[in-house]
1. Against the condition touching a Leu at 6+ places or on another chain (Cβ under 6 Å) and either without any contact (Cβ under 8 Å) to a residue 40 or more places away in the chain or among the small types (Gly, Ala, Ser) (or both), how does GLY89 come out, does it pass?
2. What tally of residues in region 77-93 results from selecting those that are assigned to a strand (DSSP E or B) and in contact with a Lys or Arg (Cβ under 8 Å, 6 or more places away or on another chain)?
3. Counting just the residues of region 218-251 that are free of Cβ contacts under 8 Å to residues at least 60 places away in the same chain and either within 30 Å of PRO170 (Cβ to Cβ) or basic (Lys, Arg) (or both), which one comes out surrounded by the fewest Cβ atoms within 10 Å (Cβ to Cβ)?
4. Check off (1) at positive phi; (2) among the small types (Gly, Ala, Ser); (3) surrounded by 15 or more Cβ atoms within 10 Å (Cβ to Cβ) for ALA108 and give me the number that stays unchecked.
5. With touching a strand residue (DSSP E or B) at 6+ places or on another chain (Cβ under 8 Å), closer than 17 Å to PHE54 by Cβ, outside any loop (DSSP other than H, G, I, E, B) and touching a residue at least 24 places away in the same chain (Cβ under 8 Å) as the only criterion, which of ALA148, ALA96 stands out?
6. Residue pairs, Cβ under 7 Å, 6 or more apart or interchain, first in region 13-38 and within 13 Å of ILE80 (Cβ to Cβ) and in contact (Cβ under 8 Å) with a residue 40 or more places away in the chain, second among the charged types (D, E, K, R) and buried (at least 21 other Cβ atoms within 10 Å of the Cβ). List them.
7. So which residues in region 151-170 are touching a Phe, Trp or Tyr at 6+ places or on another chain (Cβ under 7 Å) and part of a helix (DSSP H, G or I), if there are any at all?
8. Among (1) at pLDDT 90 or above; (2) touching a Lys or Arg at 6+ places or on another chain (Cβ under 8 Å); (3) under 22 Å from PRO156 (Cα atoms), where does LYS183 come up short?
Amino acid sequence: MKMHDADLILFHGMKRSGNHAVLDWMTDNVHGIRHFNNVFPLRIELEQPGFYEFPVALGDFLREQKRWSDVFAKAPAHTICSIEDWNFGHEYFSGAERTLNILLLRSAENLFASRIHKAFKMRMAAYPRELDHVMRRAMNVWVDHVEALLENSGQPDFVVIVFDDWVTKPAYREAVASRLGFKAVAQPRVSRAKAGGGSSFDGHAHVAGTDPSSLLRRPDRLGPAERDLLEQVLADAMIVEAQRKLDAFLPSQEYLKETTSA
């Protein structure tokens, strides 16, 4: 399944996984994308556990997005709903006959280094400064996303994008674009997305002139307290095992190939 085949595209990611960088790149290369960002905010779930009742009727959800009604009334569009910090396996929406799931994965060390640095810069419910239940929830979601890759790789309605490769390897971006059904003419933007808060480390500073591989060395920029917390997260047995599985699986890049269901 390509993007143009889908009634709905669900973009599964995590806070600090590079969601807006990848979605901006897709928007710059594909005409008619309407993106609904972070449709089930984690803040609400943390304040009121069980607040969301899934699945949500897609038609009702779209009718509530009044700001899009005039813009897309007469234009074909790819509807993308991005979901942050939720497990992959839920049925989030009903009413779409053909749903394409895109999963964005970032390595544990760089993802959690970015989240932890963000936590030490500002107080936000989703970014704890200790290994508490909120941090463990994030760790569980990351492990769930790794398992989702292993279980769904090759399925026609599933595409994974590994952020660490996407941001550093042009050939990888071309392969992802081909799998999704478009040609990657536009490159990743040189300025970071304001909608996502920019980089935990550099804010909205331009990417141009920097070494993209620096995004793969986020732990190097942590302070002592931040590094201690990251080490606790990375030493957790479930994170160690999930990262081992991920490292063993990814080099083949077979996960970018679509197989037809029987």
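The values are calculated or read from the model by the stated rules, or taken from the named source; none is laboratory data. Note that the structure is a prediction, hence the values are computed from the model and not measured. All Cβ positions, glycine included, derive from the backbone under ideal geometry; neighbour counts span all protein chains shown.
1. no
2. Summing the residues that are assigned to a strand (DSSP E or B) and in contact with a Lys or Arg (Cβ under 8 Å, 6 or more places away or on another chain) in region 77-93 gives 4.
3. Only one residue tops the list, namely PRO251.
4. ALA108 satisfies every listed condition except (1).
5. Going through ALA148, ALA96 in turn, just one is touching a strand residue (DSSP E or B) at 6+ places or on another chain (Cβ under 8 Å), closer than 17 Å to PHE54 by Cβ, outside any loop (DSSP other than H, G, I, E, B) and touching a residue at least 24 places away in the same chain (Cβ under 8 Å): ALA148.
6. If the second residue must be among the charged types (D, E, K, R) and buried (at least 21 other Cβ atoms within 10 Å of the Cβ), the pairs left are GLY13/GLU84; ASN19/GLU84; ASN38/GLU84.
7. ASN152, ASP165, TRP166
8. Going through (1) at pLDDT 90 or above; (2) touching a Lys or Arg at 6+ places or on another chain (Cβ under 8 Å); (3) under 22 Å from PRO156 (Cα atoms) one by one, LYS183 breaks only (2).
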